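Below: one structure, written as C-alpha cells.
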Amino acid sequence: MRHARTSFAALALATGLAAPAAAQEYSFRMATIDVETGNYFNFIAVPFAELVSDLTGGEVEIQPLPAGTVGSVFRLHEALDDGLVDMVNWPAAFLGNEDPFNSMINTFPTGLGSDSILAWLYYGGGEELLTAHRAETMGVHSIILGSGPAEWFAHSHVPLETVEDLEGKRYRTLGNWAAIVSDKFGAAATTTPGSEVYSMLERQGLDLAEYSLPGENFNQGLHETAEYIIYPGIHAPGWSFELMVGMDQWEELPEEYKTAIETAARLVTYDSMQRTMLADMEAVRKINERAEAGQNTLLELDQEFRDAAEAAAREWAVETAAEAAAEGNDWPQRVVDSLFPFQDAWRASSYYMVTDTRQ
C-alpha cells in the first residue's frame, strides 16, 4: 500500500496540489460496507484515507470503519444523521427504492460500462446531479468515491437463451434490476441476503443468482454451486460509490482541505477501477480453467437478449421517472435526461476505439 500511497501523493503534488500549512486538525470516522479484508475496503476506503492524510500533511485524518461497526450497511445514512459517523462510503442503491434516483445514479442495468461511466460522472453531469440531489434532499455533501467494472450476469442452474427464459425463474437480484425482470419478464425475483446466496444456489432454492464481481463471487465459491456462469453483467455494467459527508463537517473545512479531499476521491476512483479489474482477471482466469476442464459452462448473452433487456430497462426508467415527477420528484427524470443521451452519443462516436477483447 505504501507504493500506491506515495504514487498518489506525488501525482497530486506534481499537478499543483500542495499540502496546506498546518492549522487545525480534523478527524473523521468513515463507515463502509465492506469487511477489513475486502476489496472495496482496501481498494477504496483505505487508499482514500491515506491519500487525504498525505495531501493535508496529516491535518485531516479519516478512519475507515469496516462493515458492521455501526449497524446495518443498508442504514449507514442514519448513522451519519445520528452523528455516529462523519462520512459514509457506499453505493447509492443501498438507500433503497424510496427515491428511484438512488437506483439510477451509480449504476443502471444495460447502462454505462467501465469505458464510459467515469466520463459521464465527471464530465457528463453525473456527479453534479448526485451532489445537488444530496444537498437538497438529504442535507449532506456527496461526491464520487470508488468505481469498478461489470459483475457476472449470473451463476445459474439453467441456460438462458432469450429473455422469455426468465419467466418464473427464481432469480436472486436486487434493486431496479429486480423490478425490471419481475415486471417486464415475469421472473420470480428475490432479495436473498448475500450471506445466503451460496447455500440457496447449492440447495437449488434459486435457479440463478447475481451477487457481485468475479473476484468476490469466486471467493464466495459460487462457481461450485451451479453449472452455468453467464456473462456479460448487463444488470451492473459499471458502477460507482459515493462519499457522503455531514454538511456541517464539510462546510467548516478550509477550502484547501476540501480540495484535497476532492482530489483524493477522484484519484482513488480512477485507481479503484483498475485495481478491481486486475483482481477480477485472476478469478476469471480460474473460471476459464474450470470451463476448459468441464467443471463449469460459460454462456454469453446474445445481442437479442441484451437489446430486449435494454428496451425493458429504459422503459422501466421512463415510467418510474414519470411517476416520481407526478409526485413532485423530478430527480429521476433528470438522471434519465442526462444518462441515456450520453450513452447513445458514446455509442455513436466510440466505434473508432479499440477494446482489448478477443473472442
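The values are calculated or read from the model by the stated rules, or taken from the named source; none is laboratory data. Being a predicted model, the structure only gives us computed values, none of them experimental. Because the Cβ atoms are built from the backbone with ideal geometry, glycine has one as well, and the counts that use them run over all protein chains shown. Calculation scope for accessible area: heavy atoms of the full protein, side chains included, ligands and nucleic acids excluded. Shrake-Rupley method; radii C 1.70, N 1.55, O 1.52, S 1.80 Å.
For the chain, the membrane-span-like helix rule (DSSP H, alpha carbon extent of at least 30 Å along the helix axis, mean Kyte-Doolittle at least 1.0) picks out no helix; this says nothing about an actual membrane.
Calculated [222 nm] ellipticity per residue, helices only, for the chain: -14000 deg cm²/dmol; basis is -39500 (n - 2.57) per DSSP H run with n ≥ 4, divided by all residues, nearest 500.
What is the Cα centroid distance between segment 254-304 and segment 115-132, reported in whole angstrom? Taking the Cα centre of each part, segment 254-304 and segment 115-132 sit 19 Å apart.
Taking all protein chains as present, what is the carbon and sulfur share of the accessible area of segment 94-157, in % to the nearest whole number, probe 1.4 Å? If you can, show how the numbers build up before the last one.
Values: 890 of 1810 Å².
About 49 percent, which is the carbon plus sulfur part of the accessible surface.
Protein heavy-atom surface of segment 264-306, 1.4 angstrom probe: 50% of the accessible area is carbon and sulfur, with nucleic acids and ligands not counted. With each label modelled as a point 7 angstrom along the Cα→C-beta vector, the Thr259-Tyr122 pair spans 1.8 nm. Probing with 1.4 Å while keeping every protein chain in the model, the per residue accessible area of the chain equals 45 Å².
Given the chain, what percent of its DSSP beta bridges are antiparallel, to the nearest 5? Please list the in-between numbers first.
Details: 17 of 35 bridges.
Antiparallel: roughly 50 percent of the beta bridges in the chain.
Note on Lys184: lysines with a C-alpha under 18 Å away, same-chain residues under 8 apart excluded, are Lys169.
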